[in-house]
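Each reported figure results from applying straightforward, stated rules to the coordinates on display, with no laboratory input. What you see is a predicted model, and the numbers here were worked out from it, not measured in a lab. Heads up, the Cβs are rebuilt from the backbone with ideal geometry, glycines too, and the neighbour counts pull from every protein chain shown.
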Amino acid sequence: MTTHFLFDGFDTAPVTILLAHGAGASMDSPSMTATAKALSTAGFQVARFEFHYMAARRYGHRKPPPRAETVNPEYVKAIADLRARGVTGKLIIGGKSMGGRVASMIADEMFAKGEIAGLVCLGYPFHPPGKPEQLRTKHLLDLKAPTLIFQGTRDEFGTKEEVATYGLSSAIEVIWLEDGDHDLKPRKAISGFSTGDHLKTVAETVRAWIERPSRSSS
């Protein structure tokens with residue numbers, strides 16, 4: 001089965017960002033769409049895709065999310081299918097919540113092969129809500145692929161205080177978005193920020209990160 005993509009931005013963009021969805025929402029959910037639009041406005045080409053269980057829901061097959069590691073091969077295939085479509089140049093992989101987690105599990109292999117330049121996770125699920133002892137961080141402790149994780153300060157999948165104790169790899173930078181929830185959405189009346197503000201910060205931060213001299217030859 002060939003991967004189906006949704007594209008935003010221009011195919012002449014020097015950098016493409018491949019994004020997978022979270023466990024419960026499709027690639028064209030409002031949150032994913034807004035994120036893709038923000039990144040494309042910052043000059044990236046953005047490609048979104050769905051894991052098979054989510055794609056099956058479009059045809060009436062209500063499948064629950066599988067264990068994240070079981071869809072690793074689907075992400076690897078999406079990278080290959082994207083290249084087969086003629087997408088060249090620098091590639092960043094990542095996604096929302098589970099999608100970012102899956103990308104993080106294949107990132108080092110793909111980075112070592114020269115297939116990707118880095119990883120971007122949006123709301124990483126460090127642990128299930130209310131279960132801080134069930135960490136999903138083992139592979140992040142010695143991750144080598146350059147990584148940005150954007151996390152809201154209200155994210156119940158990993159608070160700022162918790163994440164500070166994890167001993168994450170030095171290749172990982174965690175960017176905290178004030179009052180953001182797991183979808184990076186803040187309460188404007190409390191924080192003064194809108195979701196659009198935070199997504200603009202995400203896009204501009206990724207652009208500055210990928211343009212660093214140390215990454216220019218990646």
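Among 198, 182, 61, which one shows the biggest mean-square fluctuation in a GNM of the chain, springs joining Cα atoms closer than 10 Å?
So, out of 198, 182, 61, the one fluctuating most is 61.
Have a look at the DSSP beta bridges in the chain and tell me what percent are antiparallel, nearest 5.
10 percent
List the GluC sites (Glu not before Pro) within the stretch 98-180 that fall in a DSSP loop (any state other than H, G, I, E or B) and whose Cβ has at most 12 other Cβ atoms within 10 Å.
133
With loop defined by DSSP as not H, G, I, E or B, and exposure as at most 15 other Cβ atoms within 10 Å, which is the longest segment of the chain clear of exposed trypsin sites (Lys or Arg not before Pro)?
So the longest stretch without any such site is 1-57.
With only alpha-carbon atoms in the gyration tensor, what are the semi-axes of the equivalent ellipsoid for the stretch 33-121, in Å, largest first?
For the stretch 33-121, the semi-axes come out at 22, 17, 13 Å.
Which net charge results when you count Lys and Arg as +1 and Asp and Glu as -1 among the other residues whose beta-carbon is under 12 Å from that of residue 32?
Surrounding charge for residue 32 is -1.
Please report the projected area of the chain's Cα convex hull averaged over all directions, in nm².
11.8 nm²
Taking loop as defined by DSSP and a crowding limit of 12 other beta carbons within 10 Å, which chymotrypsin sites (Phe, Trp or Tyr not before Pro) in the stretch 25-67 fit?
Filter output for the stretch 25-67: 59.
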